[in-house]
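Nothing in this text is a laboratory measurement; each read-out follows from the coordinates by a stated rule. Values in this document were obtained by computation on a predicted structure and should not be read as measured data. Reconstructed Cβ throughout: ideal geometry from the backbone, glycine too, with neighbour counts over all protein chains shown.
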Amino acid sequence: MKFTNKYKLQFTLFLLLITQISFADFRPANVFGDNMVLQRDKEIPIWGFADKGEKITITFNGQTLTTKPIKGKWMVKFPAMQAGGSPIEMTIKGKKNTITIKNIVIGDVWICSGQSNMEWVLQNTNNAEEEIAQANHPQIRHIKVPRVISTTQKKDIAATEWQICSPETAGNFTAVGYYFAKEVLKSTNVPIGLLNTTWGGTNVETWTSPEAIGQIPDFKAKVEELKLADLDKMAALRKEKIIANLGNIPEKDPGLVNGKAIWAANDFDDSEWKSMDLPGLWENKGLTNLDGIVWFRKSFELTDEQAQTGIQINLGSIDDNEMTWVNGYLIGQTKGYNINRNYVVQPDQLHAGENTIVVRVDDTGGGGGIYGDQELLFISSKGSKISLAGEWKYKIGEVSINTNIGPNDMPSLLYNAMLAPIVPYSMKGVIWYQGESNAGRAYAYQTLFPLMIKDWRNQWAAGDFPFLFVQLANFMAPANEPGESSWAELREAQSMTLSLPNTGQAVIIDIGETNDIHPRNKKDVGFRLALAARKIAYGEDIVYSSPAYKSHVVENGKVRIKFDHIGSGLIVKDKYGYINGFELAGEDKKFYFAKAKLEGNDIIVWTEMVKSPMAIRYGWADNPNDLNLYNKENLPATPFRTDDWPGISQPK
């Protein structure tokens, strides 16, 4: 038989079609795998991807469902099942092969999300070695969603795996999630799955869908831009701007040559160097997206006595690594962005009059610079202090230009890539620890945070599932006088979100660390979240909340305050009964620290400086580190204010 070219083409296309049908492929979504936990008492969606023409048969726990893909995606929904810790297998069968998912348990799945304090792993926390050695909890399972961003909604996450909690695996679990799961497991005795989708340093907008965040006028244009965004082109444009801003930068640091610190010499001429106010990350001071090496120089005066007795240099926190010289002498070097620098300078390295300190900062990624609180940047000598805060000379030594587009560069980048692909994985609820990256815009968080919660609930279409969150811990140097605080305003925004149904807040105002944004005590965080879960998600009759402001009256110049959630009663952790952290203001809106005492379960607050109190604040600071008001269940009172005067984050 002879074929014309026309029939040859048709026959070839037919063979290709037969080949595609014969070798049609399928797979489940990457969130499903060996050792996974599936949600009890709720419909269980299982989905994946397949070529056209496939027929998918899924068998699980004695039930079999069949489906076909629509536009490459398939889904079945098993009816609700009871909890069970005995491993079950699931088989997913296509035309040519079968996939078996092993060691499945049915229990409660909790989404763990937020920024670095939720992402923080168990091996980097207090008592980690001891805890990990005892972490034999096969009923706790954990999966980490790989980090990625996307301008469009992804269909799936990257390949990953569920892990059973053991001493070999637990060290890389979310620490907050781990301690939360331990407590919930004690209470419920059902398997707990931790679905960990986190990314350090991220804001709330990036976790919110374009449809939701686009409702906010300030983000509408950004959402439209997102639809057309090209991340590669954005990165190239960013590089051009950085180069234009920084000018010609040497590829190798000329300040340190063959181990000799040329730019640290005491007689080096730095007159052509630029100036920068410190402390503060250099990204916020004109060196946007710069990773690399920057040198800083500053002069300071010493008396004869100070020079003869020696001094101590305190530099606070530096991101990431640093070398420090005084008068050309190397006095210390430290690696690590969250370590306080404290160096002793000997008398033979000093002289009366003008001295010079030089700091070479090496930033390996993210923020860079001498960024700690200004109260931690000083020289001490025999009880006196010389502040090093203020103007320093600086010069860029070496640059690695960071042109990567990050998750905060546009809204919805993490929603698209790390949340949407796991919807609608059936789950019990969400635990959330985030807010640090929104503290500078705390007033907007009053809108953005509840918007995100409602958005997630809408995406899952599973009702008002429990959403439990951690209020920001105390951080940075304690204030000596009452004042405004963006962190206090962010905490206020978090507390306001409790107006949404089935929400709970873990207050941790007592476990933060002055010089570290990542408190290592994650055990109490997980425990307090678990208390909220036991009440809100599981209906236990327990005290689960910190004491919270309820009302007040003014009586003869003193204020009587009542609290909700007092549990078995209020207590003061002070042997003399003094309560710290209260402030009062009158009509002039000037706040003064106030005295306070416990009277029954009421708090009496007063100060001679305010005769007619108009406003009360409690714990209103970045780091109110001496708060001592608790309920008898050992939950610290929630910071609050009664005024609505504009704060520092509210648009003027």
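For Cα pairs less than 8 Å apart in space and 6+ apart in sequence, what is the mean separation divided by the residue count of the stretch 548-641, i.e. the relative contact order in percent?
Details: 201 pairs, mean separation 31.1, N = 94.
The normalised contact order for the stretch 548-641 reaches 33 percent.
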key: Pairwise label distance in nanometres, S166 with R520, each label 7 Å out on the Cα-Cβ vector   = 2.8 nm
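If I take every Cα pair under 8 Å that is 6 or more residues apart in the chain, average their sequence separation and divide by the length, what percent do I get for the relative contact order? Walk me through the numbers on the way to the answer.
Details: 1535 pairs, mean separation 83.9, N = 652.
Value for the chain: 13 percent.
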ask   = Can you list the lysines whose alpha carbon sits under 30 Å from that of K597, skipping same-chain ones fewer than 8 residues off?
value = K550, K558, K562, K573, K575, K589, K611, K632
Whether the stretch 47-115 is rounded, prolate or oblate, judged on the alpha carbon gyration tensor where a/c under 1.5 counts as rounded = oblate
query = Looking at the stretch 351-416, which trypsin sites (Lys or Arg not before Pro) are in a loop (DSSP not H, G, I, E or B) and have at most 10 other Cβ atoms within 10 Å?
reply = K382
task = Using a 10 Å Cβ count of at most 10 others and DSSP loop calls, identify the longest part of the chain lacking such chymotrypsin sites (Phe, Trp or Tyr not before Pro).
result = 24-575
Label-zone membership for the stretch 246-267, site E354, 7 angstrom Cα→C-beta point, backbone N under 18 Å = 263-267
remark   = For the stretch 548-641, the dipole about the Cα centre with charges only on Cβ (Lys and Arg +1, Asp and Glu -1), to the nearest 20 debye, works out at 100 debye
request  = Treat every Asp and Glu Cβ in the chain as -1 and every Lys and Arg Cβ as +1, leave all other atoms uncharged, and give the resulting dipole magnitude about the Cα centre to the nearest 20 debye.
outcome  = 3300 debye
remark   = Using the Kirkwood radius over Cα pairs of the stretch 93-146, the Stokes-Einstein translational diffusion coefficient at 20 °C and 1.002 mPa s, in µm²/s and rounded to a whole number, is 145 µm²/s
remark   = Gyration tensor on Cα atoms of the stretch 252-401, a ≥ b ≥ c root eigenvalues, a/c under 1.5 rounded, else prolate if a/b beats b/c, else oblate, says prolate
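Could you size up the charge dipole of the stretch 520-593 around its Cα centre, putting +1 on the beta carbon of Lys and Arg and -1 on that of Asp and Glu, and report it in debye to the nearest 20?
Working: 14 positive and 9 negative charges, 67 e Å.
Roughly 320 debye, rounded to the nearest 20.
Take the cross-link list K73/K95; K93/K428; K523/K595; K71/K222; K454/K522 and give me the ones stretching past 21 Å between alpha-carbons. Show your work: numbers first, answer last.
Working: K73/K95 16 Å; K93/K428 29 Å; K523/K595 32 Å; K71/K222 29 Å; K454/K522 27 Å.
As for pairs spanning more than 21 Å Cα to Cα, those are K93/K428; K523/K595; K71/K222; K454/K522.
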request  = Compute the label zone of S275 within the stretch 362-396: residues whose backbone N is under 18 Å from the point 7 Å along Cα-to-Cβ.
outcome  = 387-396
request  = Starting from the Cα of K68, step 7 Å along the direction of its Cβ; do the same at K155; then give the gap between the two resulting points in nm.
outcome  = 1.7 nm
inquiry  = Sort T364, T125 by Cβ crowding within 10 Å, fewest neighbours at the top.
reply    = T364, T125
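For I542 and I88, what is the calculated FRET efficiency with R₀ set at 41 Å and r taken between the beta-carbons, to the nearest 0.05? If you can, show how the numbers build up before the last one.
Details: r = 32 Å, r/R0 = 0.78.
E(calc), rounded to 0.05, equals 0.80.
Just in the stretch 72-181: which trypsin sites (Lys or Arg not before Pro) are loop by DSSP and have at most 14 other Cβ atoms within 10 Å? Before the final figure, lay out the partial values.
Working: sites: K73, K77, K93, K95, K96, K102, R141, K144, R147, K154, K155; in loops: K95, K96, R147, K154, K155.
Filter output for the stretch 72-181: K96, K155.
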Unit charges at the beta carbon, dipole of the stretch 169-279: most positive-side option, I243, G214, S275 = G214
remark   = Quick calc: nm separation of the 7 Å Cα→Cβ label points for V344 and A133 -> 3.4 nm
inquiry  = Just to be sure I understand, if you calculate Cα extents along the principal axes in Å for this structure, which of [x] 108, 70, 51; [y] 77, 60, 52; [z] 109, 71, 47 do you get?
reply    = [x]
query = Out of I603, N342, Y425, whose Cα points farthest toward the positive end of the dipole of the chain (charges: +1 Lys, Arg; -1 Asp, Glu; placed on Cβ)?
reply = Y425
request  = Check the straight Cα-Cα distances from K395 and name the lysines below 26 Å, setting aside those fewer than 8 residues away within the same chain.
outcome  = K239, K241, K252, K260, K274, K285, K298, K335
remark   = Loop-resident GluC sites (Glu not before Pro) in the stretch 243-285 with no more than 15 other Cβ atoms inside 10 Å, DSSP not H/G/I/E/B, are E251, E272
task = Starting from the Kirkwood radius over alpha-carbon pairs of the stretch 409-543, derive D by Stokes-Einstein at 10 °C in a medium of 1.306 mPa s and give it in µm² s⁻¹.
result = 98 µm²/s
